[in-house]
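Novice: Below is one structure. I have some questions about it.
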Amino acid sequence: QVQLVESGGGLVQPGGSLRLSCAASGRIFSINGMGWYRQATGKQRELVAAITKSGDRTNYPDSVKGRFAISRDNAKNTVYLQMNSLKPEDTAVYYCNANGLLNGGWSFNSWGQGTQVTVSS
């Protein structure tokens, strides 16, 4: 079992910034890719940032490219999402995701509980 605990969400004004954190715990042997997803009311869940195990490559959709930055600290099993120049359309529930291997050799794909990000004046 792998648990992902998120923090950093909240209410922010347009143009402001937030930094989300997600720490993984459990019987983890290794974590491979990590990412952040979001789901706005009435819309499907979408990927907003992904990062490779080593952190050498990242992917972003055009909607957040240049404003969001994903990073990770493997020693802490933690992934971060720095969100700058926030817009009202960024308002959504943000979810952390991680996949990898458990100590027993089984693979896992786990999600955080979700944290609300609201961008409004």
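The values are calculated or read from the model by the stated rules, or taken from the named source; none is laboratory data. From a predicted model like this one, the values you see are computed outputs, not experimental measurements. Because the Cβ atoms are built from the backbone with ideal geometry, glycine has one as well, and the counts that use them run over all protein chains shown. The accessibility values were calculated without ligands, DNA or RNA, using every heavy atom of the protein model including side chains. Shrake-Rupley method; radii C 1.70, N 1.55, O 1.52, S 1.80 Å.
Novice: Filter segment 5-18 down to the residues that are assigned to a strand (DSSP E or B) and either small (Gly, Ala, Ser) or more than 10 Å from the chain's Cα centre (by Cα) (or both) and list them by number.
Specialist: Narrowing segment 5-18 to residues assigned to a strand (DSSP E or B): 5-7, 10-12, 18.
Answer for segment 5-18, where residues must be assigned to a strand (DSSP E or B) and either small (Gly, Ala, Ser) or more than 10 Å from the chain's Cα centre (by Cα) (or both): VAL5, SER7, GLY10, LEU11, VAL12, LEU18.
Novice: Tally time: how many residues in segment 50-98 are open to solvent by less than 30 Å² (accessible area, probe 1.4 Å), within 27 Å of GLN13 (Cβ to Cβ), assigned to a strand (DSSP E or B) and in contact with a Gly (Cβ under 7 Å, 6 or more places away or on another chain)?
Specialist: Count: 2.
Novice: Please enumerate the residues belonging to segment 37-49 that are assigned to a strand (DSSP E or B) and touching a Phe, Trp or Tyr at 6+ places or on another chain (Cβ under 6 Å).
Specialist: Passing the criteria: TYR37, ARG38, LEU47, VAL48, ALA49.
Novice: Name the residues in segment 31-49 that are open to solvent by less than 20 Å² (accessible area, probe 1.4 Å) and not charged (D, E, K, R), would you?
Specialist: Across segment 31-49, the qualifying residues are ILE31, MET34, GLY35, TRP36, VAL48, ALA49.
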